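See below for the structure under consideration.
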Amino acid sequence: MRVIYSLSTLPFYAKTQNGKFKAERFELYCAAISSLTRRRDGDTTEMHVDSEGAEYIRALGISGLWNEVFVSIPDDFEGINPLMFWAAGKLFALRKTPAPVLMLDTDFIAWKLPEFSDRIVAAHREELMPDIYPPADYFRMKKGYIFNGAYNYSAKPLNTAFLYLPDDEIRQYYVNSATCFMKSAEDCGDYLCYMVYAEQRLLSMCAEHLKRGVDTVLDWDKLRFPQRNYTHLWGAKQVMRENKGECERFCEKCRNRIRRDFPEYEYVTDIIEKTRD
């Protein structure tokens, strides 16, 4: 299986005018274990980055975690607002990667993959909460953009922390639809609803429009409980940002896991530890 990850630095610089880009320590550990686990099971992993992301990974010395590192994310997001569409890098990575393809967030570990078929597989469904997924007339769009009247706007969005796309028909249709929406959106201060519409809500509507079946690997009501085959940091990231002790405990578990399961990559733990604040 071809497994892709993405890292784009433009949203960081759009939000933070001062300072140099640096990934968080716990996410570096999670990304390392995620890729190494997939490679151990025979998959090929790729990290898709922009120019600065490529230099960051090279300078840090962790390029060897993935089979390949590709500069496939435009440094300028092709005019897309990086504050509003901070996860656009994932869609650019998908645009460059033929299907079948599995895309994982860097904070998601798939310890075991399901049996794939011709169906889309996503992390989980999400409820259409109006403060996160408002109706289409909420969005301010540039002249000429028309919402597709054939879509089922009651389809529940699909979380893409884990996303398997079986063929290029759905991959290209979804990516093109999301990119068109992002490029057509008027700049505003909404940094959530626009992004999740492009990334998650459009996916479910595109899939239904093309009459494609969808499976999920996680149940929404069980996300906060331990999972046997998947680890998603999800809300735990904010906990670790606010609680140094929790962060240290998690990082120590990751160091021990790498030493035990991937001893040839133990050098990575020393590198990541040097990124401490």
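The values are calculated or read from the model by the stated rules, or taken from the named source; none is laboratory data. Since the model is a prediction, treat every value here as computed from it, not as a measurement. With ideal geometry, Cβ positions are generated from the backbone for all residues, glycine too; neighbour counts draw on all protein chains shown.
Among the residues making up region 185-205, those that are in contact (Cβ under 8 Å) with a residue 40 or more places away in the chain and in a helix (DSSP H, G or I) are CYS193, TYR194, MET195, VAL196, TYR197, ALA198, GLU199, GLN200, ARG201, LEU203, SER204, MET205.
Of the numbered criteria (1) assigned to a loop (DSSP other than H, G, I, E, B); (2) modelled with pLDDT under 95, the one ILE73 fails is (2). When only residues in region 61-74 that are farther than 16 Å from LEU10 by Cα and surrounded by 17 or more Cβ atoms within 10 Å (Cβ to Cβ) count, which is farthest from the chain's Cα centre (by Cα)? The selected residue is ILE62.
A quick yes/no check of all residues on (1) over 19 Å from the mean Cα position of the chain (by Cα); (2) crowded, with 21+ Cβ neighbours inside 10 Å; (3) more than 25 Å from PHE116 (Cβ to Cβ):
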residue: ILE4; (1), (2), (3): no, yes, no
residue: LEU10; (1), (2), (3): no, yes, yes
residue: LYS20; (1), (2), (3): yes, no, yes
residue: CYS30; (1), (2), (3): no, yes, no
residue: MET47; (1), (2), (3): no, yes, no
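Against the criterion of being crowded, with 21+ Cβ neighbours inside 10 Å, more than 23 Å from GLU208 (Cβ to Cβ) and either touching a Gly at 6+ places or on another chain (Cβ under 9 Å) or without any contact (Cβ under 8 Å) to a residue 12 or more places away in the chain (or both), PHE77 qualifies.
Just so you know, in region 32-45 the residues that are of a type in the set (S, T, N, Q) and under 25 Å from PRO74 (Cα atoms) include one that is surrounded by the most Cβ atoms within 10 Å (Cβ to Cβ), and it is SER35. Within region 21-38, residues that are touching a residue at least 60 places away in the same chain (Cβ under 8 Å) and more than 13 Å from THR231 (Cβ to Cβ) reach partners that are part of a loop (DSSP other than H, G, I, E, B) and of a type in the set (S, T, N, Q) with beta carbons closer than 9 Å, at six or more positions or on different chains, in the pairs LYS22/THR275; ALA23/THR106; ALA23/THR275; GLU24/THR275; ARG25/THR275; LEU28/THR106; LEU28/THR275. If you filter region 212-260 down to residues that are among the basic types (Lys, Arg) and farther than 26 Å from GLU115 by Cα, you find that the one that is modelled with the lowest pLDDT is LYS237.
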